[in-house]
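Please treat every number below as a calculation from the coordinates, not as lab data. Not measured: the values here are computed from a predicted model. All Cβ positions, even for glycine, are placed from backbone atoms using ideal geometry, and neighbour counts span all protein chains on display.
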Amino acid sequence: MTLEVSRAARTHLDRARSLVAASNIDALLILKTENRRYATGFTGSAGLALVTRTEELLAVDFRYEEQAAAEAPGCTLLRGGRDPLGALAAALAGRGISRIGFEAEFVPFAQVARLREKLGPADLVPLSDVDRLRWVKDPAEVAAISRAVEIADAAYERVLGVLRPGLSERDAAVELETFMRRGGADRVAFDSVLASGPRSALPHGRPTDRIIGPGDLVTLDFGAMWGGYCSDCTRTVVLGSADEQQRRVYGVVLDAQRWALEMIRAGVPCRDVDARARAVIADAGYGAAFGHSLGHGVGLEVHEGPRLAPQEEAVLEPGMVLTVEPGIYLPGWGGVRIEDTVVVTEDGCRILTRAPKEFRVLPV
Ligand code: ZN
Ligand code: ZN
């Protein structure tokens with residue numbers, strides 16, 4: 001079952017409640033860290049949140065009791081000591097809760113069995129796509145993502161100042177990540193991709209000891225986390241001097257991205273945006289070299305829904321924050337990817353990423 005979240009829901013809790021109402025359940029049990037944080041404000045890495053039609057319960061273990069009290073004042077806090085699940089089970093008595101939905105894609109099979117044993121006689125009902133709660137961002141969330149984007153943009157500008165032949169991919173990635181941390185990031189949003197020369201044909205190439213050389217393409221895919229929210233950006237540059245093929249492939253990827261950005265607006269099916277970029281790349285003769293989807297949602301997780309992908313049936317809504325990241329990867333030669341983070345609006349999109357994306361040849 002795919003669940004729709006009511007558009008009238010204003011707060012994160014309202015959105016969780018509208019999901020409860022739409023799903024024929026009495027309560028939603030939230031175990032995934034990002035969803036729990038979203039619905040309650042509690043940022044700890046463990047705990048059980050239960051959103052009922054009238055209440056929000058939060059059961060945490062001893063380590064988190066004080067933090068939860070401070071971060072989630074709207075919740076009824078269940079101080080669970082060593083057994084938060086037991087505390088939640090005890091709290092169910094007399095609350096008239098007989099059907100509890102849980103995050104079907106997230107909760108491991110063994111844990112479902114344990115929940116059934118402890119929370120019975122209530123029925124535990126698998127709910128698909130609970131993460132969908134978080135797809136449309138409110139202004140405070142967009143502001144946090146924008147801050148994460150700014151930190152990453154500034155770090156990118158600084159790392160270009162140190163990228164030079166003779167530096168290893170690993171050392172370049174350390175510089176980039178250090179610039180993000182110094183610039184105010186909580187942490188990096190994900191392990192950076194930094195791949196040079198022929199290795200740039202690996203869409204997710206981890207930085208290695210390879211020494212970057214003159215004429216190399218260098219792909220950097222990186223993000224900062226700020227206030228719990230992620231950014232995600234990719235840029236590809238050339239060191240020293242560029243050849244014709246590098247310029248041509250770069251131009252095609254940039255074109256594909258521009259066409260896709262042009263199309264983004266509320267009401268457009270996600271898969272149509274993907275198809276637009278894919279057509280530009282195919283028309284240029286590189287169809288087989290773009291093997292991943294065009295983009296994904298970004299928020300508390302760096303990869304979340306909806307996806308800009310051929311199979312994605314979702315339709316764009318104002319407030320969705322997405323990446324647009326076409327790429328061309330030619331084994332043995334290298335690859336180019338350009339990725340921006342954007343916010344969907346009624347009549348278009350706002351591009352948050354400011355890092356320049358014209359073809360850039362760095363002086364060596
Ligand atoms: Zn990325
Ligand atoms: Zn991405």
Could you give me the residue pairs with C-beta distances under 7 Å whose first residue belongs to segment 117-132 and is at positive phi, whose second residue is not in a strand (DSSP E or B) wherever it lies, and which are 6+ apart or on separate chains? D129/T2; D129/L3
Selected residue (criterion: farthest from N35 (Cα to Cα)) from residues of segment 300-328 that are within 14 Å of ligand 1 (Cβ to nearest atom) and not aliphatic (A, V, I, L, M): G327
Quickly run through segment 44-63 and pick out the residues that are in a loop (DSSP other than H, G, I, E, B), in contact (Cβ under 8 Å) with a residue 24 or more places away in the chain and buried (at least 18 other Cβ atoms within 10 Å of the Cβ). G44, G47
Does segment 140-149 include one or more residues that are more than 16 Å from ligand 2 (Cβ to nearest atom), under 23 Å from K357 (Cβ atoms), more than 19 Å from the chain's Cα centre (by Cα) and among the hydrophobic types (A, V, I, L, M, F, W, C)? no
Mind counting the residues in segment 135-157 that are part of a helix (DSSP H, G or I) and surrounded by 16 or more Cβ atoms within 10 Å (Cβ to Cβ)? 15
Could you count how many residues in segment 193-211 are buried (at least 22 other Cβ atoms within 10 Å of the Cβ) and farther than 12 Å from G335 by Cβ? 2
Go through T341, T353 for me and flag whichever is closer than 25 Å to E141 by Cβ and either away from ligand 1 (no atom under 14 Å from the Cβ) or part of a strand (DSSP E or B) (or both). T341
Grab the strands (runs of 3 or more DSSP E) fully contained in segment 294-334, keeping just those with 3 or more residues being within 18 Å of A144 (Cβ to Cβ). 321-324
Hits in segment 220-236 - residues which are more than 12 Å from ligand 2 (Cβ to nearest atom) and under 14 Å from L194 (Cα atoms): L220, R235, T236
Of the residues in segment 233-249, those that are more than 12 Å from D153 (Cβ to Cβ) and either within 15 Å of ligand 1 (Cβ to nearest atom) or among the β-branched types (V, I, T) (or both) come to T234, T236, V237, V238, V249
Please determine whether any residue of segment 276-286 is assigned to a strand (DSSP E or B) and surrounded by 24 or more Cβ atoms within 10 Å (Cβ to Cβ). no
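For (1) touching a Pro at 6+ places or on another chain (Cβ under 8 Å); (2) surrounded by 16 or more Cβ atoms within 10 Å (Cβ to Cβ), each residue gets a yes or a no:
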site	(1), (2)
M320	yes, yes
W333	yes, yes
D340	no, yes
V361	no, no
Residue list for segment 108-134, restricted to those being of a type in the set (A, V, I, L, M), surrounded by 14 or more Cβ atoms within 10 Å (Cβ to Cβ) and farther than 28 Å from C270 by Cβ: V112, L115, L119, A122, L124
